[in-house]
Structure formats: C-alpha cells, structure tokens
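The values are calculated or read from the model by the stated rules, or taken from the named source; none is laboratory data. Since the model is a prediction, treat every value here as computed from it, not as a measurement. Cβ coordinates were reconstructed from backbone atoms using ideal geometry, including for glycine residues, and neighbour counts include every protein chain displayed.
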Amino acid sequence: MSEALAVVETAGTDTTVPAVSGARQFWRRLRAQRAALVAAAVVALLVLVALAAPLLTALEGQDPTTYHPALIDSARGGVPLGSFGGVSAEHWLGVEPQTGRDMFARLVYGARVSLGVSLGATVVQVAVGIAMGVAAGLGNRWVDLVLSRITDIFVSMPLMIMALALLAIVPNTFPRPVLVALIIALVAGWSTMAKMVRAQTLTLKNLDYVAAARLSGWKTWRIAVRELLPGLAAPGITYAALLIPSNISAEAALSFLGVGVKPPTPSWGQMLTSADVWYQAAPQYLLLPAAALFVTVFALTVLGDGVRVALDPRAASRLRVGTGRRRENRARAAVPENALPEKALPVKSLPEKEGPA
C-alpha cells in the first residue's frame, strides 16, 4: 500500500511530504519505553531458548526423560549428590530429586510447553472473541441478545472448576498440551474479548464510512472484513498481549494440580507439583521453575503494557511511576529561559485621588 501524502503549507508554498504510517508510529512509541524494550528482549530470548531446546540439550549431552539413578542418594530419599543439586559439567543446572533427570533439559523443554500452550490458547481466544463480538454487534436484536447471553455465561464460568471437570473425562490418548490449550481458550478469555469487540463494533458501525459501504450494497461479511476489522486490530492486539501471561499462569496452575500436562512431558507447573517437599533438601528444584515462570509472566506483562501504550498514546502507562517529574524537568531544561513565558505579575489597584472639596 502506498503511503498517504500530507500537504504542509510553509512560506506560502505547498510542500508534499509522506505522512508517518501507523506502524512507524507504533514502533517509535514502543522504542520510547525502555521497560518494554527490555521485556521484549527477554521474551525473544525465551522464545529462542524454547525453539532451540533440542540443540541446547544436544550441546549439553542430555535429554529431559533419561533417569540417572547413580546421581541421587537413595539413602537420603533421593537427594541429588554433589553441591547445588548435582551441578557439574555434564548437568549444568543439576539433576531432579528421586529420578536424576537433567534439570536444564527439563527447563528448556518446559518452556516449549508453557509458551506453546499459552500462544495456542491466545490465538483461539482472539479468533472466537472477534467472531462472536462482530456477529453480536452487526446482527439484529435477537442475534445480539442470544450471543450476549452466551458470552455472559462464559464470563461467569470458573476456569479451574470447568478445566478440572473436562480434563478428567477426556481420554489420555488425546494430546495433552493441545487439550489444555483448547480448554483454556474456550472456557476463559474469549468472552471478555467478545464483549469488548461488540462494544467497539457498535461504535464503528455508526461511522460515515461504514454507512457509505452499507449504502453501496456491500454484504455484512464484507463490511466486517474490509471496514471493521482494521479498526479492531489495535484493541485486539492489546488484549492478546495481556492474555498470554494469564494463559501461562493458567497452564502452570493446571499442571500443578495434576490435571495438565502429564509426565514424562516436562512442564514448569508440573515440576512445581512435587517440588514443595524438596525445598529444603534440594531448593533448586523449586526455585528454578518458579523463577522461570516469574520472569516469563513479568516480561510478558510489561511488554503487554508497552504495546497498550504504544497503540493508544493517550493512555498513561501504569509502569511510569515517579518518572513524570523527571521528564518534566528534562523538558524544561531543554527550552531556553528566554523562550519561557514570563509570569504575569499581580496588578495592584492604585488609590483614587480625591477631588477638591
């Protein structure tokens, strides 16, 4: 698509300059937020580690499922031998208690499960939420009423209870990470997005360009695709960026409860399931997956907030606490003193002179 041209009148002449595109404005606003850039770098590193998990474990010479009984002390209940949980040149982060499986291999493969489940659930949530919201906003009164009531039912539905019930009745032959992603996506998340998209659709469909498309004879689906979806892109991307960390937490909670990803497939939440009894004898078994979950969720939350602010520059970031005064002082220092407007002095009223008696 060719860039729009803006006409700027300077010194009595018309100069045509290319206007800044929306994508360039987004990247410029996002680059201005240092916290969001650091979070984006952390997320990119985590994704790279997850994708390169087979290469990293091959470099270490280990895998996430092989048992090493010679590396644990059976007399002490399965505590890893050696210092720091059995850290060595062959096992970079030590080994797992009782089984002796390599901790580094299980962590990097667990990143694939956690990130894959959360991203897959987010894609389904965004697709279902946009479809339901647009259909409710563009449909007639009865369609809007039925879809809105269905959305309200799913909004009030508790995720953990429904997930526990559904995961208990599905046969074990079904791929567990796919099942967990589908349950997280279809039980929670999409309903809130559907309500947001419906409200935005009701606002957009009353604008002039949508009315012109309707008068031109366009079908409803064409109006939705060509006219409404571009206006729904910004709130959809913002909400999707905030959904990913909550989906990671949901997957970890389900795995922690024992109904999520099943062994021997590694998962951070699954590793925390049995780590509570080893926090004194082998604290790294609890601290490593907990730290990985904390860093991932925190980085995704900060990045989601940065995306929200970049897409909506009028919104003030929740993370810019205490920086407003410094920015104001920096802006004042950049302006010359003679350019600042002088403060108006109060005008004192003069006493009236008395006339001749």
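When each of ALA199, ALA224, ALA211, ALA188 is tested for being over 23 Å from VAL143 (Cβ atoms) and not polar (S, T, N, Q), the lone residue that passes is ALA188. Please go through the range 145-157 and give me each residue that is without any contact (Cβ under 8 Å) to a residue 40 or more places away in the chain, closer than 20 Å to ASN247 by Cβ and either part of a helix (DSSP H, G or I) or not polar (S, T, N, Q) (or both), ordered by number. Those that are without any contact (Cβ under 8 Å) to a residue 40 or more places away in the chain, closer than 20 Å to ASN247 by Cβ and either part of a helix (DSSP H, G or I) or not polar (S, T, N, Q) (or both): PHE154, MET157. Filter the range 227-262 down to the residues that are in contact with a helix residue (DSSP H, G or I) (Cβ under 7 Å, 6 or more places away or on another chain) and more than 26 Å from VAL117 (Cα to Cα), then identify the one that is surrounded by the fewest Cβ atoms within 10 Å (Cβ to Cβ). Result: GLY231. Of the numbered criteria (1) more than 23 Å from ASN247 (Cα to Cα); (2) out of contact with any Leu (no Cβ under 7 Å at 6 or more places or on another chain); (3) surrounded by fewer than 18 Cβ atoms within 10 Å (Cβ to Cβ), the one MET160 fails is (1).
Just one of the listed residues (GLY129, GLY116) is more than 30 Å from ASN206 (Cα to Cα) and small (Gly, Ala, Ser), namely GLY116. Contact annotation: residue pairs with Cβ atoms under 6 Å, 6 or more positions apart or on different chains, pairing a residue in the range 42-66 that is surrounded by 12 or more Cβ atoms within 10 Å (Cβ to Cβ) with a partner that is basic (Lys, Arg) and part of a helix (DSSP H, G or I), are ALA50/ARG112; ALA53/ARG112; PRO64/ARG106.
In the set (1) assigned to a helix (DSSP H, G or I); (2) of a type in the set (A, V, I, L, M, F, W, C); (3) under 28 Å from LEU167 (Cβ atoms), the condition left unmet by VAL210 is number (3). One residue stands out among those in the range 89-115 that are β-branched (Val, Ile, Thr) and assigned to a helix (DSSP H, G or I): the one that is nearest to LYS262 (Cα to Cα), which is VAL113.
Taking the range 203-226, which residues are of a type in the set (D, E, K, R) and surrounded by fewer than 11 Cβ atoms within 10 Å (Cβ to Cβ)? First the steps, then the outcome.
Here is the first cut: in the range 203-226, the residues of a type in the set (D, E, K, R) are 205, 208, 214, 219, 222, 226.
Selection gives ASP208, LYS219.
Note on the range 261-273: residues that are part of a loop (DSSP other than H, G, I, E, B) and either at positive phi or touching a residue at least 60 places away in the same chain (Cβ under 8 Å) (or both) amount to 6. When GLY258 is tested against (1) at pLDDT below 85; (2) outside any loop (DSSP other than H, G, I, E, B); (3) not charged (D, E, K, R), just one condition goes unmet, and that condition is (2).
Report yes if some residue within the range 187-200 is part of a helix (DSSP H, G or I), over 29 Å from LEU232 (Cα atoms) and within 20 Å of the chain's Cα centre (by Cα); otherwise report no. The answer is no; no qualifying residue exists. Going by the structure shown, is VAL117 more than 30 Å from PRO69 (Cβ to Cβ) and in contact (Cβ under 8 Å) with a residue 24 or more places away in the chain? It is true that VAL117 is more than 30 Å from PRO69 (Cβ to Cβ) and in contact (Cβ under 8 Å) with a residue 24 or more places away in the chain. Checking PHE294, PHE298 one by one, the residue that is at pLDDT 85 or above, surrounded by fewer than 22 Cβ atoms within 10 Å (Cβ to Cβ), within 30 Å of ASN172 (Cα to Cα) and among the hydrophobic types (A, V, I, L, M, F, W, C) is PHE294 and no other.
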